[in-house]
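Q: Before anything else, here's the structure in question.
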Amino acid sequence: MRFYIREWSDNTIVLMTETGHVLSYFSTINEALHACSEWYDVNVSEKKYEVTVQYRNPALVYESTPAYT
């Protein structure tokens, strides 16, 4: 599964699927990345994709981050 993390203007962090379905809300981007990592740990047969993070700050618009170690 491909995950996307978006930081909204009210500093809410949203974890979404690639189709835009909201899975959960978090306080920090690291918490959302940790949730993705846990999902990959449980679903070991799934292909592991980097997670796209869209920051609220325009200088940091998009970044891809591995959600697994």
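A short reminder: the numbers here are calculations on the coordinates, not readings from a lab. Everything numeric here is computed off the predicted structure, so don't read it as measured data. Here the Cβ positions follow ideal geometry from the backbone for every residue, glycine too, while neighbour counts run over all protein chains shown.
Q: Please give the length that would be gained between Tyr55 and Thr28 if that part of the chain were fully extended, namely 0.36 nm times their separation in residues minus their C-alpha to C-alpha distance (nm, one decimal).
A: 8.6 nm
Q: Compute the signed sum of charges (Lys and Arg +1, Asp and Glu -1) over the other residues within less than 11 Å, Cβ to Cβ, of Ser37.
A: -2
Q: Taking K and R as +1 and D and E as -1, what net charge do the other residues with C-beta under 11 Å from the C-beta of Met1 add up to?
A: Net local charge, Met1 excluded: +1.
Q: Let me ask something else about it. Mind listing the phi-derived Karplus ³J(HN,Hα) values for the range 36-47, rounded to whole Hz, using 6.51, -1.76 and 1.60 with θ = phi - 60°, and x for any glycine or proline?
A: Result, rounded to whole Hz: 5, 4, 5, 4, 5, 5, 7, 9, 5, 7, 6, 5.
Q: Could the peptides 2-8, 38-44 be put in order, highest first, of the mean number of other beta-carbon atoms found within 10 Å of their residues?
A: Ranking the peptides 2-8, 38-44 by packing returns 2-8, 38-44.
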